[in-house]
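A short write-up of the structure that comes next.
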Amino acid sequence: MDDALIVAALLLTAATATAVVLTREPGRQALVLSGYGLALGVLFVVLQAPDVAMSQIGVGTVAVPLLVVLALRAARTAGRAARRRAAGKDDG
């Protein structure tokens, strides 16, 4: 039974990792990355490493995807501001 649980957790982790790689849009990829972090946390619990699992869930499920989303928002905001500045210079 333990081996079947480990195999199931490994398959879940492999499936979510593949989903992260195949997701093209960065915003959606951050959400899928969050699911991947959760799958890794489950794998660590199954492998009897609860302290590592807690760290993984905190960092991989919350912190990293949040930083990706914030970076995407900052880049989009900077891009819009640059376009507005360029449009203002062209009009003048």
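Throughout, read-outs are computed from the coordinates displayed, never taken from laboratory work. Everything numeric here is computed off the predicted structure, so don't read it as measured data. FYI the Cβ positions are ideal-geometry reconstructions off the backbone, even for glycines, and counts take in every protein chain you see.
General remarks:
- From the options 30, 39, residue that is of a type in the set (Gly, Ala, Ser) and more than 23 Å from residue 5 (Cβ to Cβ): 30
- Residue 6 being aliphatic (A, V, I, L, M) and in contact (Cβ under 8 Å) with a residue 40 or more places away in the chain: yes
- Tally, over the stretch 21-37, of residues that are of a type in the set (Val, Ile, Thr), farther than 15 Å from residue 72 by Cβ and in contact with a helix residue (DSSP H, G or I) (Cβ under 8 Å, 6 or more places away or on another chain): 0
- Number of residues in the stretch 49-79 that are more than 30 Å from residue 6 (Cα to Cα) and among the polar types (S, T, N, Q): the value is 1.
- Odd one out for residue 58, checked against (1) more than 9 Å from the chain's Cα centre (by Cα); (2) buried (at least 17 other Cβ atoms within 10 Å of the Cβ): (2)
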